[in-house]
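J.: Quick one: the structure is below, questions incoming.
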Amino acid sequence: KQLDDGGISVWSMGSPIGKVALDGNFDEHLDTFKRILEYADILGASRIRLFSFFPTEGEDRNASFEKVIKRLDAFCDITPDSITLCHENEKKIFGENIENCLDIHRALPRIRAVFDPANFASKLEGSLGMFSVDFTDSEDNTRINSILSAKAISSFTSDLERAAPLDLFSQYLH
């Protein structure tokens, strides 16, 4: 009520969801997610940021991928249509590189992307490389939308100024 009275709305909620070990207690984490859904409803937030878990050391990438998708899909199953889940790339989680992020979004097209170029830079992939990736899902031609935060824009600006005209960047803001 105080936010409404002040003319303030909450568009998105940052969350720690998915920043836990992939082999951890998922039931407890799911309960935390359910509370975040309640908070999002109370605040009127239409987006929730989440991550894709810290893989088990030494586990095969494909085995980790299957577990990640199973857990993220469980979040999707209980998320109302009025809320969009947004996966952020992050160092040391499953979605720490372009290939893994694309695999997540192809497997779960309902989940959108929060693009943090600094997190890809930490993997030496380069932030401009993310924009050369084909984001179109071949099955339904749905473009995966990226939500670009102020942090992403500010850390990305110097790359753009050196490598491309600024209008290249604007085409990804929809």
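J.: Determine the share of segment 32-84's accessible area contributed by carbon and sulfur atoms, expressed in whole percent, with a 1.4 angstrom probe.
T.: Numbers: 1410 of 2930 Å².
Roughly 48 percent of what the probe reaches on segment 32-84 is carbon or sulfur.
J.: Also, quick follow-up: Pairs to check: LYS34/LYS92; LYS19/LYS92; LYS70/LYS91. Give those whose C-alpha atoms are more than 18 Å from each other in this structure.
T.: Details: LYS34/LYS92 25 Å; LYS19/LYS92 10 Å; LYS70/LYS91 21 Å.
As for pairs spanning more than 18 Å Cα to Cα, those are LYS34/LYS92; LYS70/LYS91.
J.: 5 Å is the cut-off here: which amide hydrogens, built 1.01 Å from N in the peptide plane, fall below it relative to VAL114, excluding neighbours closer than 5 in sequence?
T.: HIS87, GLU88, ASN89, ILE147
J.: Something else about it: Before I look further, what does segment 1-57 give for accessible area per residue, probe 1.4 Å, in whole square angstrom?
T.: Roughly 62 Å² per residue, with all protein chains present.
J.: Now for a different question. Got the relative contact order for segment 27-107 handy, in percent, Cα pairs under 8 Å and 6 or more residues apart?
T.: Averaging sequence separation for qualifying contacts and normalising by length gives 37 percent for segment 27-107.
J.: Given an 8 Å cut-off on Cα distances and at least 6 residues of separation, report the relative contact order of segment 1-66 as a percent.
T.: Details: 65 pairs, mean separation 30.4, N = 66.
Reported as a whole number, the value is 46 percent.
J.: Given a 1.4 Å probe and heavy atoms of the protein chains only, how would you sort LEU3, LEU22, largest accessible area at the top? Walk me through the numbers on the way to the answer.
T.: Numbers: LEU3 70, LEU22 0 Å².
Ranked from most to least accessible, the order is LEU3, LEU22.
J.: About its Cα centre, how strong a charge dipole does segment 31-76 have in debye, to the nearest 20, once Lys and Arg get +1 and Asp and Glu get -1 at the Cβ?
T.: 160 debye
J.: Ok, one more. Give me Rg/Rg_expected for segment 37-100, where Rg uses Cα atoms only and Rg_expected = 2.2 N^0.38 Å with N residues.
T.: Rounded to two decimals, the normalised Rg is 1.25.
J.: Using the Cα centre of segment 7-79 as origin and beta-carbon charges of +1 (Lys, Arg) and -1 (Asp, Glu), tell me which of ILE42, VAL20, VAL10 is placed farthest towards the positive end of the dipole.
T.: It is VAL10, whose Cα lies furthest towards the positive end.
The values are calculated or read from the model by the stated rules, or taken from the named source; none is laboratory data. Note that this is a predicted model, so its numbers are computed, not measured. Cβ atoms come from the backbone with ideal geometry, glycine included; neighbour counts cover every protein chain shown. SASA here: full protein model, heavy atoms, side chains in, ligands and nucleic acids out. Shrake-Rupley method; radii C 1.70, N 1.55, O 1.52, S 1.80 Å.
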